[in-house]
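The values are calculated or read from the model by the stated rules, or taken from the named source; none is laboratory data. No experiment lies behind these values; they were computed from the predicted model shown. All Cβ positions, even for glycine, are placed from backbone atoms using ideal geometry, and neighbour counts span all protein chains on display. With ligands, DNA and RNA removed, areas are computed over all heavy atoms of the protein, side chains included. Shrake-Rupley method; radii C 1.70, N 1.55, O 1.52, S 1.80 Å.
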Protein chains: 4
Amino acid sequence: MSLFTLDVDISFGHCDAAGIVYYPNYFRWMDRCFHSFLKARHGGHAALCQRLGARGLGLISADARFRSPGLDGEVLRMEMMLGEWGRKSLRVDYRGTVEGRLVIEGEEVRGVFVEADGRIRAGDVAPLREVIGG
Amino acid sequence: MSLFTLDVDISFGHCDAAGIVYYPNYFRWMDRCFHSFLKARHGGHAALCQRLGARGLGLISADARFRSPGLDGEVLRMEMMLGEWGRKSLRVDYRGTVEGRLVIEGEEVRGVFVEADGRIRAGDVAPLREVIGG
Amino acid sequence: MSLFTLDVDISFGHCDAAGIVYYPNYFRWMDRCFHSFLKARHGGHAALCQRLGARGLGLISADARFRSPGLDGEVLRMEMMLGEWGRKSLRVDYRGTVEGRLVIEGEEVRGVFVEADGRIRAGDVAPLREVIGG
Amino acid sequence: MSLFTLDVDISFGHCDAAGIVYYPNYFRWMDRCFHSFLKARHGGHAALCQRLGARGLGLISADARFRSPGLDGEVLRMEMMLGEWGRKSLRVDYRGTVEGRLVIEGEEVRGVFVEADGRIRAGDVAPLREVIGG
């Protein structure tokens, strides 16, 4: 069940010389979907970080499978689902479709990065889970 | 009078280390606004080029003045106006605001690029003007 | 053993509001590394595609683990290794370091995309393997 | 006379569906050239800002004329020259060529942005001029 949905208008500037979406853009849109979710539901990334005493809800890893090409002029519907919670990580799942046709499936694993002793490290995600649930 | 309007959700990934929109993104949004206009009104860039026998409605020059910073989470309203038509160029004017606050003013000068004798050159814009008016 | 190495100067514009590299850029650099390899060794992507009768050496999937943050002003050394060959795919492995510190590990799975009966599909990679070896 | 030069390898991912450099990238490269100059000569943007008590050496305006298309695989040589100093601004001029062929000419007008009374405004550029000369 999708937690949040973002429609992306695929434009000329997102496409490469082959006339299809240049693939790093899909990661930008996964990230944008996550941030739009935070803004719509939890006051946005900056406010949430302040509340959690965190520097950022940053990336530990990311991956994607490109199922069919996205084209200029199409509307990509990105659906976001909460995946598995670890002790220091949260997996977020994405599914992007154009009029029902599967274009991309991907995952982001994110941590709650905190500063301690001048170093940045992934902290406990329990406080984040309390906020966003799942 | 505005010919077309595009709302852009400013997201985390558009911002630089100073926490404000990284300026080349404004040019991406001006370009996106133009392409969204073509899609909404004239079948899109590819179809229009085919109709005009053109390779692209490309850039001759572009400029922008940055009046106030755009921030993560804000909605930038980009308004597009047709500026002056030359014999081989069209000026398109843009004005970007956030809740009425002026963020950016810019211009694109575009040509109708055609291929002739193996070279790309700016062709007559009269056929484009017939299509989009102004 | 690394097949190709690309040094990337991390600049202000690659970094996000947290002052570290915005993660989709790592995928852009993996892709750039692959294309620089093709240019340096095999005449470039366009010439190689022509030789193989292909539309592109495109992506089937991609993933990355972010081991430590990349910072403005650092030089990221991207090393590229050929991974496993399938019948219709090639895995390319990447490892990015800054002065020996591991920043990113990633993989791209690429196919040789050909057009047949008006559809794009992944073709046999054997002809590509003959060219680039491994 | 050029103050600083940056060579940019134009790659597949910089190009649009027309197979030429997507124009906002030229602004990214102008910005990168300026930041590379600061890093090579003056300790980098962050250190220089700290020294000047500034938030950033940000943009007031930018413009470019696109003289010929840049193509995948080409090396764009960006030359940077100091233009005119105002009281609260500095113009930086750029000229990008590929093997002597003019590709782009552009300008950035930058200010020394400082924070005062919770607002960001362009401050006096005299202290910057003392550092970088010209």
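Taking amide H as placed 1.01 Å from N in the peptide plane, the amide H of A:GLU74 sits under 5 Å from that of A:ILE10, each at least 5 places away or on another chain.
The mean number of partner chain beta-carbon atoms within 10 angstrom of a residue's beta-carbon across peptide A:4-10 is 1.
In the context of the full set of protein chains, residues of the protein assembly as shown present 44 Å² of accessible surface per residue (probe radius 1.4 Å, heavy atoms only). Working from Cα pairs under 8 Å separated by at least six residues, relative contact order for the range C:1-76 is 48 percent. Rounded to the nearest 20, the size of the Cβ-charge dipole of the range C:1-126 about its Cα centre is 500 debye, with Lys and Arg at +1 and Asp and Glu at -1.
Counting only heavy atoms of the protein chains and using a 1.4 Å probe, C:PHE27 has close to 0 Å² of accessible surface. Label positions at D:ALA116 and A:ARG129, each projected 7 Å from the Cα along the C-beta direction, are separated by 5.1 nm. Taking the charge dipole of chain B about its Cα centre, with +1 at Lys and Arg Cβ atoms and -1 at Asp and Glu Cβ atoms, the residue from B:CYS33, B:VAL98, B:GLY53 reaching farthest to the positive side is B:GLY53. The residues neighbouring D:ALA62, those whose beta-carbon lies less than 10 Å from its own, together hold a net charge of -3 under the Lys/Arg +1, Asp/Glu -1 convention. Listed by chain and number, the lysines whose C-alpha is less than 25 Å from the C-alpha of C:LYS39, apart from same-chain residues fewer than 8 away, are C:LYS88. Note on the range C:57-124 and the range A:25-88: Cα centroid distance 21 Å, given to the nearest whole angstrom. Annotation for the range C:34-134: GluC sites (Glu not before Pro) lying in DSSP loop with at most 13 further Cβ atoms inside 10 Å of their Cβ are C:GLU99. The HN-Hα couplings worked out from phi for the range C:94-100 by the Karplus form 6.51 cos²θ - 1.76 cosθ + 1.60 (θ = phi - 60°) are 10, 9, x, 10, 10, 6, x Hz, whole numbers, x standing for Gly and Pro. For trypsin sites (Lys or Arg not before Pro), the sites in the range D:44-134 that DSSP calls loop and that have at most 10 other Cβ atoms within 10 Å are D:ARG87.
Phi angles of the range B:102-118 translate, via the Karplus equation with coefficients 6.51, -1.76, 1.60 and θ = phi - 60°, into HN-Hα couplings of 6, 10, 8, 10, x, 9, 10, 9, 10, x, 9, 8, 10, 9, 8, 6, x Hz per residue; Gly and Pro are given as x. Peptide C:57-67 has a mean shielding of 6, counted as Cβ atoms of other protein chains within 10 Å of each residue's Cβ. When the Cα positions of A:ILE20, A:GLY123, A:MET1 are compared along the charge dipole of chain A, A:GLY123 comes out farthest toward the positive end, with charges on each C-beta of Lys, Arg, Asp and Glu. Shown for A:THR5: label points 7 Å from Cα along the beta-carbon vector, and their distances to the equivalent points in the other copies, 2.5, 5.0, 5.5 nm in ascending order.
Between copies, C:HIS42 shows label-point distances of 4.0, 4.3, 4.4 nm, shortest first, with the point placed 7 angstrom from Cα along Cα to C-beta. Taking H placed 1.01 Å from N in the peptide plane, check which residues at least 5 places from D:VAL112 or on another chain put their amide H under 5 Å from its amide H. Here the answer is D:GLY123, since their amide H atoms fall under 5 Å of that of D:VAL112.
Between copies, A:ARG65 shows label-point distances of 2.1, 5.2, 5.3 nm, shortest first, with the point placed 7 angstrom from Cα along Cα to C-beta. In order along the range D:2-12, the Karplus-derived 3J(HN,Hα) couplings, from 6.51 cos²θ - 1.76 cosθ + 1.60 at θ = phi - 60°, round to 7, 8, 7, 10, 10, 8, 10, 7, 6, 10, 2 Hz, and Gly and Pro are given as x. Stokes-Einstein diffusion of the protein assembly as shown at 25 °C, 0.890 mPa s viscosity, Kirkwood radius from Cα pairs, rounded to a whole number: 101 µm²/s. Axis of helix D:24-42 versus longest Cα principal axis of chain D: the two differ by about 50°, to the nearest ten degrees.
Return, ordered by residue number, the residues of the range D:65-81 whose backbone nitrogen is under 11 Å from a label point located 7 Å along Cα→Cβ of D:THR5. Hits in the range D:65-81 for D:THR5 at 11 Å: D:77-80. Considering all different alpha carbon pairs of the range C:1-96, the Kirkwood hydrodynamic radius works out to 14.6 Å.
Around the amide H of D:PHE4, modelled in the peptide plane, lie the amide H atoms of D:MET80, all under 5 Å away and 5 or more residues distant in sequence or on another chain.
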